[in-house]
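Scroll down for the structure; my scribbles are underneath it.
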Amino acid sequence: MERNSTKLVTKLISSYKSPSNIALVKYWGKKNKGIQLPANASISFTLSDLCATTIVEAMPCEEVLKEPSFMFQLNDLPKASFEPKIKAFLKRIWDNYSFLKSHRLLIRSSNNFPHGAGIASSAAGFSALALCMVDLQEQFSGTPLIDSKREASRISRLGSGSACRSMFSEPGVWGKTKDIEEACDEYAVPMTGMHESFKSWKDIVLIVDASEKSVSSTEGHQQLNNNIYAESRYLSAKKSLDLVLDALKKHNLPAFIHTVESEALQLHAMMMVSPMHYILMEPNTLAIIQKIWAFREETHLPLCFTLDAGANVHLLYDGREEDKIINFVENEVLPLCSQKQYFCSDLGGEPIKLNDIEK
């Protein structure tokens with residue numbers, strides 16, 4: 001599309017707040033062809049209260065740029081370690097986002113939770129950044145997209161695979177599956193038909209270790225390439241997705257709890273049997289899991305755990321039993337958390353476009 005000369009002198013700005021998400025069936029491993037395509041389909045809940053906020057200011061420049069030009073700040077400070085990943089993302093969308101050729105970017109992002117501690121900060125950050133990119137291109141071209149959220153899901157995947165699932169209030173499904181006709185590898189789609197009972201569920205993230213992971217998720221995915229158990233894992237994930245989708249629709253709690261917990265343990269098992277065999281769980285991760293099992297056995301309350309690619313434990317539970325769950329966390333689990341820290345979140349949040357900032 002030809003650049004409108006009047007837009008050359010116009011500063012563009014966009015800002016979004018986007019939720020993190022927690023996978024019930026894990027995305028772990030990539031297809032050899034394409035860019036950031038999943039080896040197995042996955043599904044996740046968004047975490048309404050654990051978000052990244054991203055502001056992108058696009059300043060016009062006189063010359064035509066040959067590659068992306070940007071500055072990045074995380075929580076108001078430069079974060080050089082992020083720049084290669086952001087540059088790779090911008091290069092991947094370069095041909096279709098024409099404003100990038102005439103604008104230098106200032107990208108400011110912030111999280112309301114610890115970065116790199118297994119709460120999918122990259123998912124929240126890249127989903128917000130992708131939404132800003134789509135909005136800026138629409139401003140620049142003067143032409144709105146037919147489905148801007150789908151496009152944002154598609155390009156967010158090019159920065160962080162799991163980011164594409166942070167677009168919907170419904171559970172996000174990414175990857176081909178026979179149970180959802182429109183599901184594909186290019187972007188995530190919302191799961192419809194979830195039983196009403198699951199809409200009251202919540203998440204407590206129990207912080208065992210708030211520091212950045214010793215092995216990044218990017219490296220973890222690469223380890224699947226030479227993992228002798230990879231194909232078995234992909235087959236298992238396919239069965240898990242079928243079970244979770246069915247359980248969410250029929251409110252089959254035993255199947256939901258068993259499958260979600262199995263998925264979490266399989267994720268970390270694959271790390272332990274990878275060629276570089278590493279462990280991201282900590283002793284207190286296992287101690288918390290055992291306490292959750294004992295508490296559920298004793299009370300028969302609807303709750304379960306899951307894990308992301310880190311040491312922290314997500315406690316998923318029916319919010320109608322919140323008082324009992326919080327009492328359990330405060331009295332039994334908190335001593336096992338780093339600095340007695342935990343985060344509470346409703347489920348089912350979606351991105352929010354923030355009010356225009358003064359230009």
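The values are calculated or read from the model by the stated rules, or taken from the named source; none is laboratory data. Owing to the predicted nature of the structure, the values given are computational and were not obtained by experimental measurement. With ideal geometry, Cβ positions are generated from the backbone for all residues, glycine too; neighbour counts draw on all protein chains shown.
Exactly one residue out of Ala88, Ala58, Ala23 is modelled with pLDDT of 95 or more, outside the structural domain of Glu261 (by TED's automatic domain parsing) and under 26 Å from Ser345 (Cβ atoms): that is Ala23. Screening the candidates Val244, Val189 for the property of being within 15 Å of the chain's Cα centre (by Cα), β-branched (Val, Ile, Thr) and farther than 24 Å from Lys85 by Cα yields one hit, Val189.
Across region 47-72, which residue is surrounded by the most Cβ atoms within 10 Å (Cβ to Cβ) among those that are within 15 Å of Ala124 (Cα to Cα) and of a type in the set (S, T, N, Q)? Selected residue: Thr54.
Of the residues Phe113, Phe99, Phe126, the single one that is in a loop (DSSP other than H, G, I, E, B) and either touching a Gly at 6+ places or on another chain (Cβ under 8 Å) or touching a residue at least 60 places away in the same chain (Cβ under 8 Å) (or both) is Phe113.
Scanning region 166-183 for residues that are within 16 Å of Ser122 (Cα to Cα) and out of contact with any helix residue (DSSP H, G or I) (no Cβ under 7 Å at 6 or more places or on another chain) yields a count of 0. Residues that are in contact (Cβ under 8 Å) with a residue 60 or more places away in the chain, surrounded by fewer than 16 Cβ atoms within 10 Å (Cβ to Cβ) and of a type in the set (A, V, I, L, M, F, W, C) within region 327-359 comprise Ile352, Leu354, Ile357, listed in sequence order. Listed conditions (1) assigned by TED's automatic domain parsing to the domain that holds Asn96; (2) farther than 24 Å from Ser20 by Cβ; (3) at pLDDT 95 or above are all met by Leu235, apart from (1). For region 154-181, the set of residues classified as among the polar types (S, T, N, Q) and in a helix (DSSP H, G or I) consists of Ser156, Ser162, listed by residue number.
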